[in-house]
Amino acid sequence: RYIYKFNPKNFIMEYMFVCGAGRVRSKTAAKVAIRLSEEYGVKNFSAQYFGLYVDHEAGREELSKRLNKSDVLFVMESRMVNDLMREYNVPEDKIGVLYIEDIYQEDDCDLVKILEEELRPFFDRKSL
């Protein structure tokens, strides 16, 4: 289901979280990931978020660079995988699907709990 776990030998690890609008699920996921990185003492970690289905001020080429620069992209829904590959040339092996429906508000307790459960293995060195 997932393609990459944190490797402490990497200088910097950058996760990009992608949802439809980039306002709720992916924004909350980035916050949860940052908190988990601090909890587990992961240094040089960055978490960004992105709305796949909104107009962006940056051009498509710049967005493609930003997405491809990330070590891992987590999408909330499986349909987003093909859209990232087609629209932004992101390799499939860089994309993990979290399977989180668009039914939550930002920082919703249930959403945070799901994200913690899904993301914790990527920071827990015992599971590497």
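Summing Cβ point charges (Lys, Arg +1; Asp, Glu -1) relative to the Cα centre of the chain gives a dipole of roughly 560 debye.
Past the 19 Å Cα-Cα mark, which pairs from 43/65; 43/94; 27/113? Checking Cα-Cα distances, 43/65; 43/94 exceed 19 Å. Comparing 67, 80, 44 along the charge dipole axis of the chain, the residue lying farthest to the positive side is 44, per the Cβ-charge model.
Between the listed residues 99, 112, 122, the Cα displaced farthest toward the positive end of the dipole of segment 83-128, a dipole computed from Cβ unit charges relative to the Cα centre, is found at 122. Mean residue ellipticity at 222 nm, helices only, the chain: -11000 deg cm²/dmol; runs of at least 4 DSSP H residues each add -39,500 (n - 2.57), and the sum is divided by the number of residues. Shown here is the pair-distance distribution of the chain: with all Cα-Cα distances grouped in 10 Å bins from zero up to the longest one, the shares run 13, 48, 33, 6, 0 percent.
No value in this document is a laboratory result; all are computed from the given coordinates. Remember, it's a predicted structure, so these values are computed and weren't measured experimentally. Every residue, glycine as well, gets a Cβ built from its backbone with ideal geometry; the counts of neighbours run over all protein chains shown.
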